[in-house]
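Shown next, in structure tokens, is the structure this report addresses.
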């Protein structure tokens, strides 16, 4: 059996893996921002979306709640890949995380070679890639991700503190996440702390 045939037979793991976050859908401001993200996913003319705002404002929680966990019950993608990039990104580490999500072991594989197997697998799949905490431009092909297009109907969402980075990553739409109004922020704080706050 050749390499391409083996890849074609590889079944992807479950489309969406559950992530934990404090529910925010009862907060009107958060719900409005969540809907903007969902609208981007549903829009056939948007392939890359940027979600930006200062650190700690809730970009990650927003994406977990609005996109990732909601897709568990109604997923239109073959696979959803969530990668936390962070400062000083390490290409090999990012590639390994993508490989892990696809069920392939890329440990010990050279960076230039490690991108080929995910690229081959994902070319024939409809995927959503969420790149969380992005500090600098990433080349999708270099990390093993085919470019989203009209033809493949794939999507990429990135979170960053830097609105300019959304443009650098060629985001069609950039969504700013602002601080919650005081009453909503207090409500969220109480939820996170449990019954110990009043």
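The values are calculated or read from the model by the stated rules, or taken from the named source; none is laboratory data. Being a predicted model, the structure only gives us computed values, none of them experimental. Heads up, the Cβs are rebuilt from the backbone with ideal geometry, glycines too, and the neighbour counts pull from every protein chain shown.
Filtering region 166-184 to residues that are surrounded by 14 or more Cβ atoms within 10 Å (Cβ to Cβ), modelled with pLDDT under 95 and assigned to a helix (DSSP H, G or I) leaves only 184.
Among all positions in region 175-184, there is no residue which is in contact (Cβ under 8 Å) with a residue 60 or more places away in the chain, touching a strand residue (DSSP E or B) at 6+ places or on another chain (Cβ under 8 Å) and farther than 20 Å from residue 36 by Cα.
Whether a residue is at pLDDT 90 or above, touching a helix residue (DSSP H, G or I) at 6+ places or on another chain (Cβ under 8 Å), surrounded by fewer than 14 Cβ atoms within 10 Å (Cβ to Cβ) and not in a strand (DSSP E or B) was assessed, and residue 198 does not pass this test. Can you work out which of the residues in region 149-165 that are in contact with a strand residue (DSSP E or B) (Cβ under 9 Å, 6 or more places away or on another chain), part of a loop (DSSP other than H, G, I, E, B) and over 10 Å from residue 134 (Cβ atoms) is modelled with the lowest pLDDT? Going through the qualifying residues, I end up with 152. Is it true that residue 81 is in contact with a strand residue (DSSP E or B) (Cβ under 8 Å, 6 or more places away or on another chain) and within 23 Å of residue 57 (Cα to Cα)? Yes; evaluated as a whole, the condition is true for this residue. Just to be sure before I move on: is residue 130 surrounded by 21 or more Cβ atoms within 10 Å (Cβ to Cβ) and either over 19 Å from residue 52 (Cα atoms) or out of contact with any strand residue (DSSP E or B) (no Cβ under 7 Å at 6 or more places or on another chain) (or both) in the structure I sent? Taking the combined requirement at face value, the residue does not satisfy it. Suppose the filter is modelled with pLDDT of 85 or more and more than 19 Å from residue 170 (Cβ to Cβ); does residue 96 pass it? Judged against the criteria, residue 96 is a match.
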